[in-house]
Every structure is written in C-alpha cells, then in structure tokens.
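Have a look at the structure below, then the notes.
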Amino acid sequence: RAALKVVKALLRMPESEPFRKPVDPVALEIPDYFEVISKPMDLGTIKDNLEAGPLIGWHNLPYASAEGVKQAIQLVFDNCRAFNNAEGDTWIR
C-alpha cells in the first residue's frame, strides 16, 4: 500500500505526464517503438496493478515486493532512455 502512495505521488507530478499511460506508437508516430522496447511499462499500469491487489489477491500481482514495484518504476525510465538514446530531456526522439 505504501508503494501505491508513492506511485500516486509520482502521477501527480506534472513531469510525469509522458509516463502516465502506455506509449502509443501510432499516435506518437514512432513505429519502431516495440522493436526497441521489449518490456513496455508506464506509471498508470503500475498503479492499476497495485489497485487490483485487494481484488485479485496481493500474491497475484506482477510485483512480489516493494523491490518489484521499484524495478517496474525504474523500467519506465530505463525504457525512455533506451528509446531516446539518453539524449537531452525530451521524451520522443
């Protein structure tokens, strides 16, 4: 539950806007996104998974621990850097 609070706090930050929903390669005109990124992740998906915990059972979540949530959050930003070649502070090349 603490992890959900952290994710919600991240989502409230204005800077999180590009990371709130799954990347839509068609809308963003980046057709090679899934060629570069094999494990897409976004903060909204993490939040939705955590909110489902009471309904589906905490043991059924894709995150077995707080460390798992941390790794999922890190994946969001690692994917951004990987796709954008770590250049500048833009989120679409």
Given a 10 angstrom Cα cut-off, can you work out which residue in VAL76, VAL36, VAL23 is the most mobile in a GNM of the chain? VAL36
May I ask you to give the solvent-accessible area per residue for the chain, in square angstrom, as obtained with a 1.4 angstrom probe? 68 Å²
Inter-part distance where the range 1-48 and the range 60-76 are each reduced to a Cα centre, Å: 13 Å
Quick test of the membrane-span-like rule: which DSSP H helices of the chain reach at least 15 Å along their long axis (C-alpha atoms) with mean Kyte hydropathy at least 0.0? 2-12, 66-83
In the chain, what percent of the accessible surface is made up of carbon and sulfur (1.4 Å probe, ligands and nucleic acids excluded)? 58 percent
Amide N proximity, the range 36-71 versus LEU11 label position 7 Å along Cα-to-Cβ, cut-off under 11 Å: 43-52
May I have the pair-distance distribution P(r) for the chain, computed from all Cα-Cα distances with 10 Å bins from 0 and rounded to whole percent? 15, 47, 29, 8, 0
If R0 = 35 Å, then ALA66 and VAL36, at their Cβ-Cβ distance, give a FRET efficiency to the nearest 0.05 of 0.75
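The values are calculated or read from the model by the stated rules, or taken from the named source; none is laboratory data. Computed from a predicted model, the values in this text were never measured in an experiment. So basically every Cβ, Gly included, is an ideal-geometry build from the backbone, and we count neighbours across all protein chains shown. Just so you know, the surface numbers come from the protein's heavy atoms only, side chains and all, with ligands and any DNA or RNA stripped out. Shrake-Rupley method; radii C 1.70, N 1.55, O 1.52, S 1.80 Å.
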